[in-house]
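Data block below; observations after.
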Amino acid sequence: MLDAVSPLAATSTEAKLYDALIIGAGFAGMYQLHSLRDRLGISAHVLEAGDGVGGTWYWNRYPGARCDSESHSYCYHFSDELVQGWEWSERYPSQPEILRYLNYAADKLDLKRDITFKARVVSASYDEGENLWHVRTEQGGHYAARFLITAVGCLSSANLPKIDGISDFQGKWYHTGEWPHEGVDFSGKRVGVIGTGSTGIQAIPVVAAAAKHLTVFQRTANYSIPARNAPLTDDFKKYVRENFAEIRDVMRSTVNGHPWRIADRSVFDVSDEERDKIFEMAWEKGGLRLRAEFRDVLTNEEANEVVSAFLKKKIGQIVKDPAKAAILADIDHGFATKRPPIDTGYFETYNRDNVALVNLRAEPIERITATGVKTSKGEYPLDIIVFATGFDAMTGPLFNLNIAGRNGLALRDVWREGPRSYLGLQVVGFPNLFTITGPGSPSVLTNMIVSIEHHVEWITRCMQHVVASNAQTIETTQQAQDAWVTHVNAVADMTLFPSCNSWYLGANVPGKPRVFMPLPGFPDYAQRCSDVESNDYRGFELTR
Ligand code: NAP
């Protein structure tokens, strides 16, 4: 334990004392624990609400749950040993396989002994006199540490819409982000799915195949690209094992942190014929690579319209019923301005006899009744309702912790008008608190693992610097934070992201301020973080 912390143990009531507390045992929290405990050699402990590791992949067990990043990129890259000791089975990893992987990593790194499971954090407050963060759990646990690191993910606070009558419903209802571990039996049931984001688009084909009848309630139509998921070949597995360093370099040098480069050509650099050929090939290959075929898809409105038109046309080619096809292709935003889903048989599902589509733009939901969902045009009888209605993204998981900094300042109040941070890592008034993949950093605009590893490694070196400097606290300055917020807004305004109502902007949660929360562009961001570090942590102040 750090010398400066130990003497305080006596003064710190009955709290269990550590140098660092980490909240959350997903990809981020696990790696942060390993880095602090095994590299920095300080005492670190993780508090986790679930009864196992996994984070997102512990909670999101809905049918069809699978990652959109390709499996060889969606795993820890920091350890060759972990890479070489694991073999993914499919192009995109399923939720159960990712959970097995995280347990494999936790066991290999011997992490579980320093994680308290079933410990849901309900408050975290900074005591200036002691220079300690006091963290309390729903289960009555009390912990304290000099450093506090949130590793709670960006999409872990379920957004359950306030629809009248839900308590009257006699059937069963579930939110995809809090799915029962024992699974849900859809056989013989009339099921309604509300929501057609990435989650709904993954779940709908699987539910349709299992249920007697499925009604999809669509408010906003969405693009989707076939994932073309398939078992990985032995050749590909060998390629990954032998070229991992190179793959890692590509991921760290591209805007979205995926293992492919973005083509350096405009949509308008090629003829219409050539462009169609490129799109068709990308469609056949499947997945998010389509977005990378041209560099201006998210910066030039006309370029975006061309890609969007191609994808809308595909819907009409797949869906046989023209009325359904028209509802599905009536998309009101540009491709990838919202997070682009990828799918396995999504649009094809609407060709099944047992699947109905309700256009909530034409007939909004009025209420949930004892027996189903009532819209302005009629009632849909249901046995099960699945809410695939997303998350209170990025700020929601942090607000749930009830974080209070200097003078009892609540993060919820400080961010009332929207999140403000320096580098997405620290907030003025909250010394020694680090937010992994916090608002103001690339986070959800990347393959999450790239952003997570970058943050964990940066935080670890930063804490090492604090300790080596014999400092008690590190805290960003108001000036640095204000300049960073201006930078994030300026970068977002160079893109088409702010043009639609997405959860990136908080637009999916009624009353949430409309602020673009992540920062586009991983490599530029990483360079700025390195510059800060090599300039004596410019923008941060240390107190001794
Ligand atoms: P989402 O993208 O926010 O989609 C929520 C859906 O629910 C939208 O269609 C939304 O319609 C609808 N909805 C919300 N409230 C509603 C209401 N009151 N009435 C009717 N419809 C309502 O959430 P998500 O699909 O869970 O995805 C969230 C993010 O999680 C993704 O963007 C992605 O980053 C991540 N994710 C990743 C994967 C993966 O890697 N495989 C899978 C799933 C999710 P509106 O658009 O009209 O608001």
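The values are calculated or read from the model by the stated rules, or taken from the named source; none is laboratory data. Since the structure is predicted, the reported quantities are computational estimates derived from the model, not experimental observations. Cβ atoms come from the backbone with ideal geometry, glycine included; neighbour counts cover every protein chain shown. Accessible surface is based on the protein model in full, side chains and every heavy atom, while ligands, DNA and RNA are left aside. Shrake-Rupley method; radii C 1.70, N 1.55, O 1.52, S 1.80 Å.
Taking every alpha-carbon pair in region 170-280 and binning the separations at 5 Å intervals from zero gives 2, 8, 12, 13, 13, 13, 13, 12, 9, 5, 1, 0 percent. When +1 charges are put on Lys and Arg Cβ atoms and -1 charges on Asp and Glu Cβ atoms, the dipole computed for region 29-143 relative to its Cα centre reaches about 280 debye. Other residues within the sphere of radius under 13 Å centred on the Cβ of D321, judged by their own Cβ, net out at +1 (K and R +1, D and E -1). A simple charge model with +1 on the Cβ of Lys and Arg, -1 on the Cβ of Asp and Glu and nothing else charged puts the dipole of region 338-495 at about 260 debye relative to its Cα centre.
Under 1.5 on a/c is rounded, so check that first for region 103-208, then, if it is not, pick prolate when a/b is larger than b/c and oblate when it is not; a ≥ b ≥ c are the square roots of the alpha carbon gyration tensor eigenvalues. Since a/c reaches 1.5 and a/b is larger than b/c, the shape of region 103-208 is classed as prolate. The charge dipole of the chain, taken about its Cα centre with unit charges on the Cβ of Lys, Arg, Asp and Glu (plus for the first two, minus for the last two), comes to roughly 1000 debye. With N as its number of residues, region 200-345 has a Cα radius of gyration that, divided by 2.2 N^0.38 Å, comes to 1.17.
Per residue, the accessible area of the chain comes to 40 Å², computed with a 1.4 Å probe over protein heavy atoms only.
Diffusion of region 382-512 by Stokes-Einstein, at 10 °C in a medium of 1.306 mPa s and with Rh set to the Kirkwood radius over alpha-carbon pairs, works out to 97 µm²/s. Accessible surface of V135, taken over heavy atoms with a 1.4 Å probe and every protein chain present, rounds to 0 Å². Sequence-ordered 3J(HN,Hα) estimates for region 239-245 from the Karplus curve with 6.51, -1.76 and 1.60 and θ = phi - 60° stand at 4, 5, 4, 7, 10, 4, 4 Hz, glycine and proline given as x. Note on K312: lysines with a C-alpha under 19 Å away, same-chain residues under 8 apart excluded, are K277, K285, K320, K324, K338. Between helix 301-318 and the chain, what is the angle of the helix's C-alpha long axis to the longest principal axis, kept within 0 to 90° and rounded to the nearest 10? Rounded to the nearest ten degrees, it is 50.
Find, to one decimal place in angstroms, the Kirkwood hydrodynamic radius of region 398-464, where the mean of 1/r is taken over every pair of different Cα atoms and then inverted.
Final number for the Kirkwood radius of region 398-464 is 12.6 Å.
The share of alpha-carbon pairs in the chain lying farther apart than 39 Å comes to 27%.
What separates the Cα centres of region 193-209 and region 318-386 is a distance of 10 Å. As a fraction of the 1.4 Å probe accessible area of region 468-544, surface on carbon and sulfur atoms comes out at 49 percent. The alpha carbons of region 1-111 give a radius of gyration and a Dmax of 16.5, 53 Å, in that order. Peptides 188-196, 493-501 ranked from most to least packed, by the mean per-residue count of other Cβ atoms within 10 Å: 188-196, 493-501. At an R0 of 30 angstrom, the distance between the Cβ atoms of K237 and D51 translates into a FRET efficiency of 0.40.
222 nm [θ] for the chain, helices only, -39500 (n - 2.57) per DSSP H run of 4+, per residue, to 500? Taken over the chain, the calculation gives -9000 deg cm²/dmol. Nonpolar atom fraction for region 184-267, defined as the carbon and sulfur part of the 1.4 Å probe accessible area, stands at 48 percent. Please give the helix 198-210 orientation as an angle from the longest Cα principal axis of the chain, in degrees from 0 to 90, rounded to the nearest 10. In the chain, helix 198-210 runs at an angle near 50 degrees to the longest axis. Comparing V255, G54, V193 along the charge dipole axis of the chain, the residue lying farthest to the positive side is V193, per the Cβ-charge model. Just so you know, the Cα atoms of region 289-436 work out to an Rg and Dmax of 21.5, 62 Å. Computed over the chain, relative contact order equals 19 percent, with contacts defined as Cα pairs under 8 Å that lie 6+ residues apart. Report the normalised scattering of region 480-544 as log10 I(q)/I(0) at q = 0.16, 0.21, 0.27, 0.29 Å⁻¹, calculated by the Debye formula with identical scatterers on the alpha carbons. Here the Debye-derived log intensity ratios amount to -0.65, -0.91, -1.17, -1.26.
Our summary gives region 385-544 a relative contact order of 28 percent, counting only alpha carbon pairs under 8 angstrom and 6 or more residues apart.
DSSP beta bridges fully contained in the chain are about 40 percent antiparallel.
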